[in-house]
Amino acid sequence: MVGRDVAGRPVASRVEARLIVVDDQLFIFGGKTSAGEQLESNESYSVASFANYHWTWDVRDEPYPAHVPALGFCCDAVAIQDGDTQKILLTVGCTDSDETLDLTSRSFVLFDIGLRSFTSQFADSGKFPGTVTWYGISNLSGCLKSDPASTSAVICTFHADSAQGPELYVYSLQGGCKSLGLRKRIAATEGTFELFAVVGAKMYLFGWTEDKWDLLVEIPQRWVSA
């Protein structure tokens, strides 16, 4: 979708923003104001809706409320179901030139799709990942034996030291963050990974080895359920 194809006054340009589609709505969060070495982040969001074969801007560059932490650029988002309510769980990205990121209890924000309101989350129990180079977050439903209506997500963290290997965490609004302790098992595959994806009830890591440049590893359910 190109901005000029959306009805209404155009929105500001963004680089490395987070886009997420829920039903017939497109949500755009954060990003940088320009490309290159410029590190100024766009602390706002926009929403476009699709109806009658046309896209229309419903929200244009609305600043985040004061209580929302800076989400920066390369932030992440995942749609979750909170009971009967659809929401988006947002996680912070980069706001400066630091090469690593520490996720804490204050790194998570909940966006109510219907009310278009933000709630900061402070579930501080458990262990949160630190010195993260980049990470991916996905909906937990179907991956674990959990309440499908719960506000839970799975986070895969990657680190600059490839010997460390990725690790998986479960985050929930009620229970905080919990490591699944899979780093050694993932390292045993002898792959170098840089991408994580959830498809249905299956979780995958994408990467390579010295002999194979298109490595795909499925994380067995028994690893997760143990």
Exercise. Hey, among the residues in segment 119-134 that are in contact with a Leu (Cβ under 7 Å, 6 or more places away or on another chain) and part of a strand (DSSP E or B), which one's surrounded by the most Cβ atoms within 10 Å (Cβ to Cβ)?
Worked result: Val132
Exercise. Restricting attention to segment 191-226, and to residues there that are of a type in the set (Val, Ile, Thr) and in contact (Cβ under 8 Å) with a residue 12 or more places away in the chain, which single residue is surrounded by the most Cβ atoms within 10 Å (Cβ to Cβ)?
Worked result: Ile219
Problem set entry | Residue in segment 64-81 that is touching a strand residue (DSSP E or B) at 6+ places or on another chain (Cβ under 8 Å), among the acidic types (Asp, Glu) and touching a residue at least 40 places away in the same chain (Cβ under 8 Å) present | yes
Seminar exercise, completed: Of those in segment 198-218 that are touching a Cys at 6+ places or on another chain (Cβ under 9 Å) and in a strand (DSSP E or B), the residue nearest to Gln121 (Cα to Cα) is Val198
For this session: Answer yes or no: is there a residue in segment 183-190 that is loosely packed, with under 12 Cβ neighbours inside 10 Å and either within 26 Å of Ser120 (Cα to Cα) or touching a strand residue (DSSP E or B) at 6+ places or on another chain (Cβ under 6 Å) (or both).
Result: no
Problem set entry | Residue pairs meeting the criteria (Cβ under 8 Å; at least 6 apart or on separate chains; first among the aliphatic types (A, V, I, L, M), in segment 16-38; second surrounded by fewer than 12 Cβ atoms within 10 Å (Cβ to Cβ) and not in a loop (DSSP other than H, G, I, E, B)) | none
Seminar exercise, completed: Among residues of segment 56-86 being on the phi > 0 side of the Ramachandran plot and not in a strand (DSSP E or B), the residue farthest from the chain's Cα centre (by Cα) is Gly83
Exercise. Has segment 138-148 got any residue that is at pLDDT 75 or above and touching a strand residue (DSSP E or B) at 6+ places or on another chain (Cβ under 8 Å)?
Worked result: yes
Seminar exercise, completed: For segment 95-119 the number of residues that are within 19 Å of Tyr169 (Cβ to Cβ) and in contact with a strand residue (DSSP E or B) (Cβ under 8 Å, 6 or more places away or on another chain) is 10
For this session: Specify the residue that is farthest from Phe108 (Cα to Cα); the eligible residues are those in segment 154-182 that are in a loop (DSSP other than H, G, I, E, B) and touching a strand residue (DSSP E or B) at 6+ places or on another chain (Cβ under 6 Å).
Result: Ser162
Problem set entry | Total residues in segment 79-102, condition in contact with a Gly (Cβ under 9 Å, 6 or more places away or on another chain), under 14 Å from Tyr135 (Cβ atoms) and surrounded by fewer than 21 Cβ atoms within 10 Å (Cβ to Cβ) | 2
Seminar exercise, completed: Note on segment 53-73: residues modelled with pLDDT under 90 and in contact with a helix residue (DSSP H, G or I) (Cβ under 7 Å, 6 or more places away or on another chain) are Pro69
For this session: Take Arg60 and decide whether it is under 30 Å from Leu168 (Cα atoms) and not acidic (Asp, Glu).
Result: no
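The values are calculated or read from the model by the stated rules, or taken from the named source; none is laboratory data. Given the structure is predicted, the values throughout are model-derived calculations rather than measurements. Every residue, glycine as well, gets a Cβ built from its backbone with ideal geometry; the counts of neighbours run over all protein chains shown.
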